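The values are calculated or read from the model by the stated rules, or taken from the named source; none is laboratory data. Owing to the predicted nature of the structure, the values given are computational and were not obtained by experimental measurement. Please note: Cβ atoms are built from the backbone with ideal geometry, for glycine as well, and neighbour counts cover all protein chains shown.
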């Protein structure tokens, strides 16, 4: 009965309640909450059942988490269950210190697994550094542009969401520049950034705001600028990176609109 209640509540009720709160999923991570409590309070079996079935049922019924993330989430949930059950067996009581130790174990081992799985320590580390949507939106609201741009050019795919948000602020036409350099794991896919589709919009003589989500080496932006030669002015924007306009310029973090 206890197993059923933890699996049912952990799978269906609690995550949906949390996700009804703005940014609730990012802040409270409900997919892990019942795994932690179940394993710590009721033992490894309850924790493992919750760790496995919670993400599976949520993905099947609600589409979240995405199928592509299930292997990472289930593995990290299992690690959390093992850590919580072990700490509880040693402490023989519920304590804040014990819960914190279990979370620390899960974070460190989960980071190592995701590093091994993705082949990128930077990408794995992003899971520990995710800013909320409301936090980023406040930065969008606060930023001021000195120029009156004729055109916003979004570098696909990363620049599309930021460009759409800027469009709400500036009410300026958006076009898309289809350039690709990195894969979904942020590893170089080509030796140099590649133009995937011909430019099909007018840019000559226009003032352009060139938008991407992340600018690391600047190689994609440099290619984009060369492709748009003939524009009167090109300024760059990045959610995170070194640009004329940037919301942040710090180590990589996961964007809240990435699923």
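Structure summary
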| quantity | calculated |
| --- | --- |
| Selection from the range 139-164 of residues that are surrounded by 13 or more Cβ atoms within 10 Å (Cβ to Cβ) and either modelled with pLDDT under 90 or under 17 Å from the mean Cα position of the chain (by Cα) (or both) | 139, 156, 157, 158, 159, 160, 161, 162 |
| Residues within the range 232-245 that are surrounded by fewer than 18 Cβ atoms within 10 Å (Cβ to Cβ) and modelled with pLDDT of 95 or more, tallied | 5 |
| Residue match in the range 207-220 (condition: at pLDDT 95 or above and surrounded by fewer than 17 Cβ atoms within 10 Å (Cβ to Cβ)) | yes |
| Complete set of residues in the range 163-175 that are out of contact with any helix residue (DSSP H, G or I) (no Cβ under 8 Å at 6 or more places or on another chain) and assigned to a helix (DSSP H, G or I) | 163, 164, 167, 168, 170 |
| Residue count for the range 63-102, restricted to those that are surrounded by 13 or more Cβ atoms within 10 Å (Cβ to Cβ), at pLDDT below 75 and part of a helix (DSSP H, G or I) | 3 |
| Flag if residue 121 is under 30 Å from residue 39 (Cα atoms), out of contact with any helix residue (DSSP H, G or I) (no Cβ under 6 Å at 6 or more places or on another chain), modelled with pLDDT under 75 and exposed (fewer than 14 other Cβ atoms within 10 Å of the Cβ) | no |
| Test result for residue 199, under 18 Å from residue 167 (Cα atoms) and surrounded by 12 or more Cβ atoms within 10 Å (Cβ to Cβ) | no |
